[in-house]
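One structure is given below, encoded as structure tokens.
Read the figures in this text as sums done on the coordinates, not as results from a lab. The model shown is predicted, which means the values in this text are computed figures rather than measured ones. FYI the Cβ positions are ideal-geometry reconstructions off the backbone, even for glycines, and counts take in every protein chain you see.
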């Protein structure tokens, strides 16, 4: 995708560019003085003290000589950067012909300022040549490299990379705590952008996608079970998987990669509910069978039937639930650790070129580990918490029906 910017990217915006430069430099030094670990080197995206050669035109002299500032600017621009004066045609191809001074004169200040501007005098009709030095002079000075804008505001960016072993989000949080103590001028604003801004946008988008996915899963479950209480219990397995993901990342000290980790969590939402659906659906089937065996009317159940059905359902579906989770986890392990096999060379040269790691694991690894951690945690809790909650729910329904 497009470049996201530096891990540490602070934009200082305002109207007065001189004040903006001074404030940005002061903020950079202020952050340095706080000795926040992990910052490589803070730099401004604007160079100061860059040499320049302004050409000062005496407008009165130029007016007396019938030369406009546009003619002077055009002559100097043509000398330095060139001008397209014609086109050379070779068959169906057109090649532009550009005219400009050779390097010998182009980088010679005296040659540039002494070149003559040729034009026809409107009053006399004669061809006149006037050197630029007759109506302009040069001054050596220094300036900043550029004036950058964002949304029409002048902006200077303070940026830095993060040293290996440090987390960019934690460092940015520390900088934000420190910046609060800085006495910022009223007409200047500070914003954290770059990689952090991109991550915040991705997180907001993927969080919405996760909520939408869970909502549609819930609607499908309501239609399937013709109930709202059972789908709520099943949807709780998504929350259990999130706990497993966070615990796994903390225990194994892995980074929360916004894009791929969130994609893994969204995928996980559709995977982990399957075990709970299988468990509850089979338990409901046993309840129906036992009710028919006891000769009870539809909807009429006893506590014993509810308890026995849940126990039998848990025992019977234990193996399928575990096998489903184990096969999914084993299938994702090669992607998580980055197992690479070249099947072309394996069949042609009997050399699989087997190795572990590589660039692909940096991309697919976070998603795979997310699903593995979440599925492992949610599977074992599903076998315990879902039956318990389903038993409590049915006992509550049993009491309510008896009271009525």
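Please say if the range 66-136 is rounded, prolate or oblate, where rounded means a/c under 1.5 for a ≥ b ≥ c the square roots of the C-alpha gyration tensor eigenvalues, and otherwise the choice is prolate for a/b larger than b/c and oblate otherwise?
oblate
Using only the Cα atoms of the range 96-147, build the gyration tensor, take square roots of its eigenvalues as a ≥ b ≥ c, and label the shape rounded, prolate or oblate: rounded if a/c is under 1.5, else prolate if a/b is larger than b/c, else oblate.
Prolate.
I'd like the distance separating the alpha-carbon centroids of the range 338-404 and the range 10-55, in whole Å.
Rounded to whole Å, the Cα centres lie 48 Å apart.
Of (1) 74, 27, 22; (2) 43, 21, 20; (3) 41, 25, 18, which one was derived for semi-axes √(5λ) of the Cα gyration tensor in Å from the structure shown?
Answer by label: (1).
Please give the Cα centre distance for the range 93-126 versus the range 253-274, rounded to the nearest Å.
65 Å
Would you please state which residues of the range 152-167 a label at residue 200 would reach in this model, taking the label point 7 Å out along Cα→Cβ and a backbone N cut-off of under 16 Å?
Residues passing the 16 Å test: 158.
Counting only helical runs of four or more DSSP H residues, what would the 222 nm mean residue ellipticity of the chain come to if each run contributes -39,500 (n - 2.57) and the total is spread over all its residues?
-20000 deg cm²/dmol
Would you mind getting the Kirkwood hydrodynamic radius of the range 4-147 from its Cα pairs, rounded to one decimal in Å?
19.8 Å
Counting other beta carbons within 10 Å of each residue's own, what order do 257, 180, 288 fall into, fewest first?
So the ranking, lowest neighbour count to highest, is 180, 288, 257.
Going by how many other beta carbons lie within 10 Å of each one, how would you line up 124, 235, fewest first?
With the sparsest Cβ surroundings first, the list reads 124, 235.
If you average the sequence gap of Cα pairs under 8 Å that are 6 or more apart and divide by the length of the chain, what percent do you get for the contact order?
Taking the mean separation of contacting Cα pairs over the length of the chain, I get 20 percent.
To make sure I understand, if each residue's beta carbon is the centre and we count other beta carbons within 10 Å, what order do 393, 292 fall in, fewest to most?
So the residues, fewest neighbours to most, are 292, 393.
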